[in-house]
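Down below is the structure, laid out as structure tokens.
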Amino acid sequence: MARFGYLTEELIIEIFSWLPADSLMRFKCLSKSLYSLIENPQFIVKQLHNHVHSSSENNLCVLLQRWIGTEIDDEKGENMLSLLIYNDMIQATSEGDGFPFLLKTTSLPFYKDYPYCEISSSCDGIIIFHDNYNNGEMVAIANPGLGEFRILPKSCISPPPSLPVDFDDPSFHVKAIGLGYDSKANDYKIVRVWSIWNVPSSPHLRVEVYTLSTDSWKEINNLDMEVEIDNNVMSVDIFRQRYFEKYWNGAYYWFAFGCNKKSPPKYKKFIALFDMTYEDFQCILMPESCQDQDNAFFAYDASLLEFNGSLALCYFPYEGEEKLFEIWAMDEFGVNGIWTKILCFGPLLGIVRPLVFVNNSQLLMEGQEGQMVIYNPKTRKVKGLPIYGEGSGFQAIIYWRSLVSIHGGSKVHN
């Protein structure tokens, strides 16, 4: 590598590894040696690690999806995709005083062809998109920072012969989907769970896994979703809800509910996870205070967040003008995991649900009037942001801009 004055090669690498990904992309054209450095896999890992584990949130982004229009189903509306960039060097807006940010509209070529496309999760700068209509057949991944995207191959699981082949029958649809990283194989994977109903000869669930390095799907059979709780065997079923799913620490998490085999049946709320390395499912029982027999099949009153570097469960009443919010963290994983309530705040007026912690002291939330708000649990202050959507249509995920490529996928620009 070319020297910069008296700086050694090791020091140059260290300095550049702390620069944001978008700056590094511009530096690639300065010299061949810089191009080689920025394309080096070890440097890409080092740069990503520095920014994800840095105490500064200045490279943190929130990928925000919201509906702009009169109705969610209004054809004249727009399913807008934006990057909310947090940086304490930015002068705060008057409405968002104390929360300095930039809001940039972003898009990808395939996105406009699927007006009801949803974002599900992010992992190391890679985003997964899926078409919530057409039974979730279309899946795409992208790294917006690199301008790369890829439409994934079609499923390796075909509808049962007794069902139509056009994927329009509700008896055959995507139950859940998630993106994550397999640290053992050093590869990115997507798990997709298909639900099959009213077909006696077919299993209720079928699961396939996509591997980025091979660009292909394979079906797996690790579907043991039965657990024993209080000497009762419960059958657990995944029920994906867009506000209750998250990738964290090598596994993808969804809401699930369990039912025992006795009469009358009893129900429990669970968190189901898929381990990206071992490609199997596990179940975690939610805290007792979150259990509700009358509302056991839904998680409208809960969401998964990352807080203080741990996976956290936020529980709150679904209905009502004022809501009290509880943050639970798991001390010990397993079916009967031990939960600790680490934070309780509220009651707050006019809040629909929490979205994401942008740092450990500020929480983005969706307001009832279609406005995004920021709440600081320490100061107990709620402030409205100049960001609006329609019909409880906000979706937000933490996104770290990275140099991780999706291996030769299409590029928006060269």
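The values are calculated or read from the model by the stated rules, or taken from the named source; none is laboratory data. Here the structure is a predicted model, which is why all the values come from computation and not from measurement. Glycine also receives a Cβ, built like all others from the backbone with ideal geometry; neighbour counts cover every protein chain displayed. Areas reflect the complete protein model, heavy atoms only, side chains present, ligands, DNA and RNA absent. Shrake-Rupley method; radii C 1.70, N 1.55, O 1.52, S 1.80 Å.
Once C-alpha pairs closer than 8 Å and six or more residues apart are averaged by separation and normalised to the residue number of the range 102-154, the relative contact order reads 24 percent.
Fully extending the segment from Asn249 to Cys156, taken as 0.36 nm per residue of separation minus the present Cα-Cα distance, adds 30.8 nm. Think of a 1.4 Å ball rolled over the protein heavy atoms: the range 344-395 then has 40 Å² of accessible area per residue. For Leu385, the residues whose modelled amide H falls within less than 5 Å of its own, excluding neighbours fewer than 5 places apart on the same chain, are Met372, Val373, Ile374.
Using R0 = 25 Å, the C-beta based FRET efficiency linking Ser183 and Lys341 works out to 0.25. Heavy-atom accessible area for Lys266, with the other protein chains in place and a 1.4 Å probe, reaches approximately 130 Å². Amide H contacts under 5 Å for Phe239: Phe255, Ala256, Phe257, restricted to partners 5 or more places along the chain or on a different chain, H placed in the peptide plane at 1.01 Å from N.
Under a 5 Å amide H cut-off, with hydrogens placed 1.01 Å from N, Gly393 pairs with Trp67 among residues at least 5 apart or on other chains.
By how many nm would the segment from Thr211 to Ser289 grow when fully extended, if each residue of separation counts as 0.36 nm and the alpha-carbon distance is taken off? Walk me through the intermediate numbers first.
Details: separation 78, 0.36 × 78 = 28.08 nm, distance 3.82 nm.
Between Thr211 and Ser289, full extension yields 24.3 nm more.
Rounded if a/c is under 1.5, else prolate if a/b is larger than b/c, else oblate: which is the range 236-289, with a ≥ b ≥ c the root eigenvalues of its Cα gyration tensor?
Numbers: a/c = 2.45, a/b = 1.80, b/c = 1.36.
Judged from the Cα gyration tensor, the range 236-289 comes out prolate (a/c at least 1.5, a/b above b/c).
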